[in-house]
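The values are calculated or read from the model by the stated rules, or taken from the named source; none is laboratory data. Values in this document were obtained by computation on a predicted structure and should not be read as measured data. For neighbour counting, all protein chains shown are included, and Cβ atoms are generated from backbone atoms with ideal geometry for every residue, glycine included.
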């Protein structure tokens, strides 16, 4: 009996046809870093961190909240805000068709999930980007949901935590999208004026207008290990300034070394670290 048959006893019994039928689809995945085969139920126990190389796999916004909030319980905020098509934008697909497709693929209404719940018994408000929803891009609805989250934090006198992963501003909304950088930044300033903490957690990858606004404006800026964080992509910068950049350029470790972020926290320690920070702030 090999390790695979010990793990899944149904393998190795009966005909080849029955073997296939007894192995559920989507049980295995591979690590994008070391390419090891990973058993999804076991991967879930490690919070989707590869046990072989410690690579932090990308996870969805709702999975992030299930890990973050006490018992995964939270009340969703601004769930009724709907995306429209302010510019009538169309490339190979119409913008509404892309939104419809993203909703179907992710089960989310937009690229940002905002929730209100308890963290170690303390009420907090949090936001998390859904990268699979059009690359976590920020359009008018993402900006509005973020602002409504800030308003919730002010009204309930709670800390605000945001987990950012995004390709940047949403091109289908052009200048309307870029305006969200100012809108979200102003909301954060309002939160700070009310003496409420804002903790920003940067998750691989985080670029463009999101990294240039709300992601870098935390009272404390945290990143997961080896997360790519920047504004323009590496190749764009190299071709523009005609300089070969360091191998670790734009990785969270590089940013920490150069003072752009405050700390790097492993996913398994993220919840306890934020609890500890809030405990110190509240004293």
Given (1) surrounded by 20 or more Cβ atoms within 10 Å (Cβ to Cβ); (2) part of a helix (DSSP H, G or I), residue 110 misses just (2)
Using the structure shown, decide if residue 94 is within 18 Å of residue 168 (Cα to Cα) and either in contact with a helix residue (DSSP H, G or I) (Cβ under 6 Å, 6 or more places away or on another chain) or surrounded by fewer than 20 Cβ atoms within 10 Å (Cβ to Cβ) (or both).
no
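For (1) in contact with a helix residue (DSSP H, G or I) (Cβ under 6 Å, 6 or more places away or on another chain); (2) farther than 27 Å from residue 266 by Cβ; (3) free of Cβ contacts under 8 Å to residues at least 40 places away in the same chain, each residue gets a yes or a no:
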residue	(1), (2), (3)
65	no, no, no
78	yes, yes, no
82	no, yes, no
124	no, no, no
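Kindly indicate whether residue 185 is out of contact with any strand residue (DSSP E or B) (no Cβ under 7 Å at 6 or more places or on another chain), assigned to a helix (DSSP H, G or I) and either modelled with pLDDT of 95 or more or under 25 Å from residue 224 (Cα atoms) (or both). Walk me through it before giving the result.
On the way: out of contact with any strand residue (DSSP E or B) (no Cβ under 7 Å at 6 or more places or on another chain): yes; assigned to a helix (DSSP H, G or I): yes; either modelled with pLDDT of 95 or more or under 25 Å from residue 224 (Cα atoms) (or both): yes.
Yes: the conditions hold for residue 185.
Right, residue 161: at pLDDT 95 or above, in contact with a strand residue (DSSP E or B) (Cβ under 7 Å, 6 or more places away or on another chain), within 22 Å of residue 109 (Cβ to Cβ) and not in a helix (DSSP H, G or I) or not? Step through it out loud before you land on a result.
Values: at pLDDT 95 or above: yes; in contact with a strand residue (DSSP E or B) (Cβ under 7 Å, 6 or more places away or on another chain): yes; within 22 Å of residue 109 (Cβ to Cβ): yes; not in a helix (DSSP H, G or I): yes.
Yes; evaluated as a whole, the condition is true for this residue.
Give the stretch 213-233 a look and list any residue that's in a loop (DSSP other than H, G, I, E, B) and closer than 23 Å to residue 195 by Cα, or say none.
Restricting attention to the stretch 213-233, the residues satisfying the condition of being in a loop (DSSP other than H, G, I, E, B) are 213, 217-219, 224-227, 230-233.
The answer is 213, 217, 218, 219.
Select from the stretch 118-149 the residues that are part of a strand (DSSP E or B) and surrounded by 19 or more Cβ atoms within 10 Å (Cβ to Cβ) and list them in ascending order.
Pass one, the stretch 118-149, residues part of a strand (DSSP E or B): 118-119, 122-129, 138.
119, 124, 125, 126, 127, 128, 129, 138 - these are the residues of the stretch 118-149 that are part of a strand (DSSP E or B) and surrounded by 19 or more Cβ atoms within 10 Å (Cβ to Cβ).
Scan the stretch 228-266 residue by residue and report those that are within 15 Å of residue 47 (Cβ to Cβ) and surrounded by 20 or more Cβ atoms within 10 Å (Cβ to Cβ).
Within the stretch 228-266, the first condition is being within 15 Å of residue 47 (Cβ to Cβ), and the residues that meet it are 265-266.
Selection gives nothing.
Given the structure, is residue 103 within 24 Å of the chain's Cα centre (by Cα), surrounded by 12 or more Cβ atoms within 10 Å (Cβ to Cβ), assigned to a helix (DSSP H, G or I) and modelled with pLDDT of 90 or more?
On the way: within 24 Å of the chain's Cα centre (by Cα): yes; surrounded by 12 or more Cβ atoms within 10 Å (Cβ to Cβ): yes; assigned to a helix (DSSP H, G or I): yes; modelled with pLDDT of 90 or more: yes.
Yes.
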Considering the stretch 209-224 alone, what residues qualify as being farther than 12 Å from residue 261 by Cβ and touching a strand residue (DSSP E or B) at 6+ places or on another chain (Cβ under 6 Å)?
209, 210, 219
So residue 228, is it over 21 Å from residue 122 (Cα atoms) and at pLDDT 90 or above
yes
Given (1) under 17 Å from the mean Cα position of the chain (by Cα); (2) crowded, with 19+ Cβ neighbours inside 10 Å; (3) at pLDDT 95 or above, where does residue 197 come up short, assuming only one miss?
(1)
Residue among 158, 184 that is closer than 16 Å to residue 216 by Cβ and surrounded by 17 or more Cβ atoms within 10 Å (Cβ to Cβ):
184
Has the stretch 259-277 got any residue that is over 20 Å from the mean Cα position of the chain (by Cα) and closer than 21 Å to residue 207 by Cβ?
yes
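Would you confirm whether any residue within the stretch 234-252 is outside any loop (DSSP other than H, G, I, E, B), closer than 23 Å to residue 111 by Cβ and touching a strand residue (DSSP E or B) at 6+ places or on another chain (Cβ under 6 Å)? Reasoning before the result, please.
Step one: of the stretch 234-252, the residues outside any loop (DSSP other than H, G, I, E, B) are 234-241, 251-252.
This time we only want the ones that are closer than 23 Å to residue 111 by Cβ, so: 236, 252.
When the remaining residues are screened for being touching a strand residue (DSSP E or B) at 6+ places or on another chain (Cβ under 6 Å), the result is 252.
Yes.
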